[in-house]
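Inspection log for the structure reproduced underneath, given as C-alpha cells.
No lab work stands behind these numbers, since they all come straight from the coordinates. As the structure is a prediction and not an experimental result, all values here were calculated from the model. No Cβ is skipped: glycine too gets one built from the backbone with ideal geometry, and neighbour counts run over all protein chains shown.
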Amino acid sequence: MNSDDPRAQRTRARLKAAVLELAAQQELATITMSALAKRAEVNRATVYLHYPDVDALVTDAMEDAVAAVARAAALCPLDAPRGRAPEPLAELFEHVAVNATMYARMLGPHGSARFAARMRERLTGELARRFTAGSRPGGWDDVPADVHAAYLAGALVGVIAHCAAGERPAGGAQEAALAFWRLFRTGCQAGSA
C-alpha cells in the first residue's frame, strides 16, 4: 500500500476521525476494530491494512495533539516570570481543558500506552534539542541534557493527565498552567524560586 496514494490518505483520515469519535464516547479498551470499521464505513480488513491495532490508530490520530504539546513546551521562554505562565503553556492547558475527555481517555488507566510514550518522546526530543542548542539554563551541567529533558517531559505529561482527569486547581486551566509553570521553571533553573 502506498501511503501517498490519495485513497489511502482519505481512508486513514476516516479511520482517525472514527477512533476519535468513538474515544469521545467510550473507553479505549472497549473500542474494537469492527466498531472502527463500521464507524469509518470500511471493511475490517481495510482497518488492519492501515493499522495493526487500536492503539496504533489512536497514536496516529492524536499526532497533532502531541505536536501541539511539544511545541508549547519548546516555545516557553525559560526566563519568563514565575508569577505568570507563558502564553504557549496557557494555551496548551486551555486546549487540554477543552479536550479533557479525550486526554483523560488517552492518558488514563485504560488509555493508550503508545500515545503516552509518544507524547513523552516528542517532548523529550524537543526539550533535549533546545538544551543542546544552548537554550538550557545554567546550573544543570551535572545532569545529562537528555535526562533533564525526559524529567521535564514526564512531569508535563503527568500534569496533563492529572488535569484531564478532573483534578484541576479551582482556577481552572489558567491556574493549572501557572502551577505547572512554577514547577517547570524551577526544574529548568537551578536555584530559582
Query - In order through the range 81-92: 3J(HN,Hα) via Karplus (6.51 cos²θ - 1.76 cosθ + 1.60), integer Hz, x for Gly, Pro - result: x, 5, x, 8, 5, x, 3, x, 6, 4, 5, 4
Report summary line: Taking the dipole of the chain about the Cα centre (Lys, Arg +1; Asp, Glu -1; charges at Cβ), the one of 135, 178, 8 that reaches farthest to the positive side is 8
Report summary line: Cα-based Rg then Dmax for the range 6-54, in Å, read 9.9, 31
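When 143, 96 are ordered from fewest to most other Cβ atoms inside 10 Å of their Cβ, what list results? List each step's numbers first, then the result.
Numbers: 143 14, 96 26.
Ordered from fewest to most neighbouring Cβ atoms within 10 Å, 143, 96 come out as 143, 96.
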Query raised in the report: Which ³J(HN,Hα) values, rounded to whole Hz and listed in residue order, are derived for the range 58-65 from phi using the Karplus coefficients 6.51, -1.76 and 1.60 in 6.51 cos²θ - 1.76 cosθ + 1.60 with θ = phi - 60°, glycine and proline given as x?
Result: 4, 4, 5, 5, 9, 4, 4, 5
Query raised in the report: By counting other Cβ atoms within 10 Å of each Cβ, how are 184, 93 ranked from fewest to most?
Result: 184, 93
Requested in this report: Give me the net charge of residue 32's neighbourhood, meaning all other residues with Cβ under 15 Å from the Cβ of residue 32; Lys, Arg count +1, Asp, Glu -1.
Outcome: -1
**Report entry** Hydrodynamic radius by Kirkwood, which averages 1/r over all alpha carbon pairs of the range 120-193, in angstrom
**Finding:** 13.0 Å
Report task. Could you list the square roots of 5 times each eigenvalue of the Cα gyration tensor of the chain, that is, the equivalent ellipsoid semi-axes, sorted largest first and rounded to whole Å? Result -> 35, 19, 13
Report summary line: For the range 69-174, shape from the Cα gyration tensor axes a ≥ b ≥ c, cut at a/c of 1.5 then a/b versus b/c, turns out oblate
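If Rh is defined by the Kirkwood formula over all Cα pairs and Rg also comes from Cα, what ratio Rg/Rh do you get for the range 26-125?
Checking Rg against Rh, the ratio lands at 1.08.
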Query raised in the report: Quick one: putting +1 on the C-beta of Lys and Arg, -1 on the C-beta of Asp and Glu, what dipole do you get for the range 76-193 around its Cα centre, in Debye to the nearest 20?
Result: 180 debye
**Report entry** Integer Hz, Karplus 6.51/-1.76/1.60 couplings in order for the range 38-44, x for Gly and Pro
**Finding:** 4, 5, 7, 6, 9, 7, 4
